[in-house]
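The structure under discussion appears below in the form of structure tokens.
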Amino acid sequence: MKYPKCPSCGYELYDKTDQCPFCGSDLPRRSVSSPSTGSSSGYRVKLIVVLSLVLAVAGGVFTFFMAMRSEEASKISVEISEQHGFSETNERHCVENMYRILDAENEYMTQNGRFADNIVELAEFDSTLNLVCPESGLPYSIINTKQSIQVRCSVHGEI
């Protein structure tokens, strides 16, 4: 960095004073901000403005693509639902079937002193049970633990 010099003695002045610390001559008033600092400040302002614009455009593009992706995912979900015939009616029937299976398990326990080991054994006990999910066509499974009995559907979960 280049420092200004005293016009009387030529000594480099390191701080902004009104008198030369070596010869005592009065120095002309210098402005607080030097021209190099002003241009550096202007450069920073321009840089901040440009970066802000770039970030705003990038945010807009990101939002647009996320909205398009969400719309596309929604369309795919509707297509899958239409292809597989998913409906609230099928879900309701599935849940009703699972509750009927649980009721049959409780009845089996009452009559035999234990729960059925699997869904086939339970179907032999109660032939009126529907053993498959009406939506997926996949069979239900029974999970026996010492604390509880659960019926699981691969599409609608378990109860």
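Numerical summary
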read-out: Under 23 Å from the Cα of residue 5 - lysines, other chains or at least 8 residues apart; value: 16
read-out: Proximal aspartates and glutamates to residue 146, defined as alpha-carbon separation beneath 19 angstrom and excluding residues fewer than eight positions away on the same chain; value: 103, 105, 107, 117, 121, 158
read-out: Residue order, fewest to most beta carbons within 10 Å, for 142, 149; value: 149, 142
read-out: Per-residue Cβ neighbour rank within 10 angstrom, fewest leading, 156, 93; value: 93, 156
read-out: Computed lengthening from residue 41 to residue 112, 0.36 nm per intervening residue step minus Cα-Cα distance; value: 16.8 nm
read-out: Likely footprinting exposure, 105, 91, fewest C-beta neighbours within 10 Å first; value: 91, 105
read-out: Cross-link reach list, aspartates and glutamates versus residue 2, counting only Cα pairs under 14 Å and skipping chain neighbours closer than eight places; value: 12, 15
read-out: ³J(HN,Hα) computed for each position of the stretch 140-146 - Karplus, 6.51 cos²θ - 1.76 cosθ + 1.60, integer Hz, glycine/proline x; value: 6, 10, 10, 10, 9, 10, 5
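Where a number appears in this text, it was derived from the coordinates with a stated rule and is not lab data. Quick caveat, the model's predicted, so the values are computed rather than measured. Positions of Cβ are backbone-derived with ideal geometry, glycine not excepted, and every protein chain shown enters the neighbour counts.
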